[in-house]
Every structure is written in C-alpha cells, then in structure tokens.
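Step one of this worksheet: look at the structure below.
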Ligand code: AMP
C-alpha cells in the first residue's frame, strides 16, 4: 500500500483529492472544519518535502455552476488552517486551471473550484478525469468520505498516473483502522451495533460474524430481535418483515461461536419526545402504549462488562435516541466503557454515521483509538466491500 511517505515530493506537483465537503450556514460560514483539519497532515508533508499542492474537492450538491457551492466560501478557512496562502482557480479544468497549476511553485497551494460544477465528475467521465490528471505529477487520494464513489476525481483519474499515485495519510489511517479490526484484530473482538434498523445493518452483521467474538446489539433494532424471541415490545420501533432475519442472525452467530448480547432492560417512554413520561422495565415486558428509547441500567452494566474484557472494539450506531437528552444515557455509558477499555490498551474504532456524532457530542473523540471521517465509506468498508477509490490505487500499482 503506497502512501505519501513512499514519495519525496520535492519539486513535484501533488494533485490531491481532499474531502472539503464541509457544512456551511446561511452566511456561508463553515460550521465544522474537521474535514479540512483532517487533510492538513498530508498537505503539510508535501509542502515540507518541497512540493506544491493542487487541492480538488466537491462541496455540497450543486446543479451545474452555483455560487452558493463555490470553493471561494472555504478558501480563507483553508488558508487559516494550513497557514499558507491559497490561490483559487475559477474552474477545476480548462486553460486557467492549467496555467495556474503550471506556474505553481514549491510551497504553494492551488485550490480548484468545485468538481461537481461538472456533471462529468459524478459520471466518472474519462476525458474529464484525464483533464484533471494533467494538472499534477503525483495523484494523492486523501478523501475517505468519497472513496466509495467511482467518480472521476476519486477513482477514474488514478489510471492516468501508473506508479505515481498513493494514499494520503488520512485515507491510509482509515484503511489501517478497519484492518486492525477486520483482519488482524486482537481477540476478544467486540462489535457494538446500534442505530435504528436491522435492515440497514444486516450486511455489516453478515460480514463481521466471521471476525468477531462478541456482538452487542442496541438501539431501535433491539426490538425486532426481542419480538423474534416472543417478547412484548409495546410500541417500540420494529421491522416486522425482518423478524425471520433476526432469528437467522442469532442462529448464524451460534454456529460461528459469536456471543450475542441484547439489552436486558429499557428506558421506556409514552411518547417519542424528551418530555414524555418515562419508566424502566425489562426489555421483553414493555406495556402497550410505551416504547423503548434507551437501554436501562442493567444493560449498561452488562455491556460495560463485555467491553472491559475486549481487546478490539468496533462501535457503529447509538444505543438509544441520543438526540433527546433523556434517552442519551445508555449511549454515554457505552462511550465511557469504550474510553476506559481503550485506556487499558484496547483498540477502538468508531465509525459510520450517528455513533460518530454521538462520540463528538459527548466528548469521547479523543478517548477512543480512531473516529472515522467517512459515513457511507466506513459502512461499506465494514460490509466488506472494496471501495473503488481504494482499489483504483491498489490495483493499478500492483500492490
Ligand atoms: P442509524 O443511522 O441506523 O445508526 O440510526 C441512528 C438513529 O437511531 C438515531 O437517530 C437514534 O435516535 C435512533 N435510535 C436509536 N435507538 C432508538 C430506539 N430505541 N428507538 C428509535 N430510534 C432509535
């Protein structure tokens, strides 16, 4: 696996696919610059080598050229974070981009205008990818957030670089973190899967059952499993058409010697609201008119015990409706358990969607081993899929 550390960028122009798809408010101010910060190590290494950087990204979902999605809104923030002046090309291809790239000197940074101003980007158009490729000497992919897309700048472009392509340090870290769980995770390996629905997690469960020792299930999908066992779930979230599937998962886990842990109690509410009346009850005795919105205290203790004995932990999906403070306790308790296992030497990876939001919201970001930056890309990695953006660099270098 070639990374930026395998290249000396002196006098080279690095064409870097970054993920600068940051959220903007109505005043076009960046509300979360994590993605820019995450790309910094790659950019700085290249500049310190004596190279220059041509940064390309998409921003939002523009329909053609739309000022609201221009990279001009983020240029200043990129300068602030990198501490280097940034030149902005008014298009990502064409004569201006070409001459600005040609004239770029070592130590300088050029930011290209939004790739998705061209439909060809998402279509994976070869000619467009080729035009982009002509701007730089070495292609670096550091955009994990779009690595599951076979777009021109994330995948197709790689073929025009033969040997001169590699992973940026962020993307390399993402790949290594997944491998540390899925390929050479130290046992006992525990996966915690929460979130709303079994249907959105089934491919992950299928893929990880071969690799893990313990499976902890929480969140809304708990109730499909409890109903499958004949439990009373009141008005809790359930996927009736997935009950047979839930039973199959339990059987499969048994065959593969995976210990499955389901919640034993729940915080129940009489309405899907933070102001609802609440109570605690056994997980399979939820009265009609009530719904389980969080795990209860016995479950917190049970899960914490499993986590404390684990050497490798994967966490995807909250244990309850953590967006409502009254139902966030189980998710917070899990965060504490994972943080303390990590402090005791376990490797912990948090990835894919809402668990990342929860980890950040409750301050566990620096207490786990790695928090993935890519929602969809991480989910597809956990499903065992080879991401096209990663394959494009691996296959064509023969690594
Ligand atoms: P996912 O995107 O599948 O990981 O689902 C995350 C969502 O699941 C969050 O918005 C949570 O509020 C929701 N969730 C977690 N536990 C429950 C529950 N017991 N009932 C309903 N929704 C839940």
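No value in this document is a laboratory result; all are computed from the given coordinates. All values reported here derive from a predicted model rather than from experimental measurement. Note that each Cβ is placed from the backbone with ideal geometry, even for glycine, and that neighbours are counted across all protein chains shown.
Taking each residue as 0.36 nm, the span from residue 280 to residue 184 lengthens on full extension beyond its C-alpha to C-alpha distance by 30.6 nm.
With R₀ set to 41 Å, the beta-carbon distance separating residue 40 from residue 272 gives a calculated FRET efficiency near 0.50.
Divided by 2.2 N^0.38 Å, where N counts the residues, the Cα radius of gyration of the chain comes to 1.08. Note down the nm distance, to one decimal, between modelled labels 7 Å out along Cα→Cβ at residue 48 and at residue 125. Label at residue 48, label at residue 125, 3.9 nm between them. When you work out D = kT/(6 pi eta Rh) for the stretch 304-399 at 37 °C and 0.692 mPa s, using the Kirkwood radius from C-alpha pairs as Rh and the Stokes-Einstein form, the result is 229 µm²/s. Dividing the summed helix terms, -39500 (n - 2.57) for each DSSP H run of n ≥ 4, by the number of residues in the chain produces a 222 nm estimate of -10500 deg cm²/dmol to the nearest 500. For the chain, the relative contact order comes to 15 percent (Cα pairs under 8 Å, sequence separation of at least 6). When a/c reaches 1.5 or more, the comparison of a/b and b/c decides; with that in mind, is the stretch 67-142 rounded, prolate or oblate per its Cα gyration tensor? Oblate.
How large is the translational diffusion coefficient of the stretch 246-305 in µm² per second when you combine the Kirkwood radius over alpha carbon pairs with Stokes-Einstein at 20 °C and 1.002 mPa s? Translational diffusion coefficient: 167 µm²/s. Peptides 345-355, 232-242 ranked from most to least packed, by the mean per-residue count of other Cβ atoms within 10 Å: 345-355, 232-242. The tail of the calculated P(r) for the stretch 187-311 beyond 25 Å holds 22 percent of all Cα-Cα pairs. Between residue 103 and residue 27, the contour length at 0.36 nm per residue exceeds the alpha carbon distance by 24.1 nm. Packing order of peptides 37-50, 62-75, 330-343, highest average first: 330-343, 37-50, 62-75 (average count of other Cβ atoms within 10 Å over each peptide's residues). Quick one: work out Rg over Rh on the C-alpha atoms of the stretch 4-168, Rh as Kirkwood radius. Using Cα coordinates only, the ratio equals 0.92.
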